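Taking it in order: structure first as structure tokens, then the write-up.
Here, each number is a calculation from the coordinates, and none is a lab measurement. Given the structure is predicted, the values throughout are model-derived calculations rather than measurements. Virtual Cβ from ideal backbone geometry, glycine too; neighbours counted across all protein chains shown.
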Amino acid sequence: MDETQNSGPKRKSRRGLGCLLLLIGIPLLYYGSYLLLRGPLPETPQFIAHRGGRVGPPENTPAAFRNAIDLGADWIEFDVQRTSDGMLVVIHDE
């Protein structure tokens, strides 16, 4: 069998099917793993306090995190950096 017979319509359709499976399969795997690890997506929007919030106490401080909780934040996002001696600190800038 030579090269010209191998590159016909069947080979192209298999390649197209493979691409289609990838386009569908990757999002399904991602969403499926999300469901397994975290449970179903929330039905309502979530309130995320970035660095504890911009209004009130300084960002990335315990006071800002407490304020975000008092305001009803569902999540608090904060910045963590590793110092030169290996300690983890909550700070935005390097």
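Loop-located trypsin sites (Lys or Arg not before Pro) across the range 45-80 with a Cβ neighbour count of 11 or fewer within 10 Å are ARG54, with loop assigned by DSSP. Extending 7 Å from Cα along the Cβ direction at ARG15 and again at SER33 yields two label points whose distance is 2.8 nm.
Extents of the range 32-94, largest first, come to 39, 29, 14 Å (Cα atoms, principal axes, whole angstrom). The length gained on full extension between ASP70 and VAL90, counted as 0.36 nm times the residue separation minus their Cα-Cα distance, comes to 5.2 nm.
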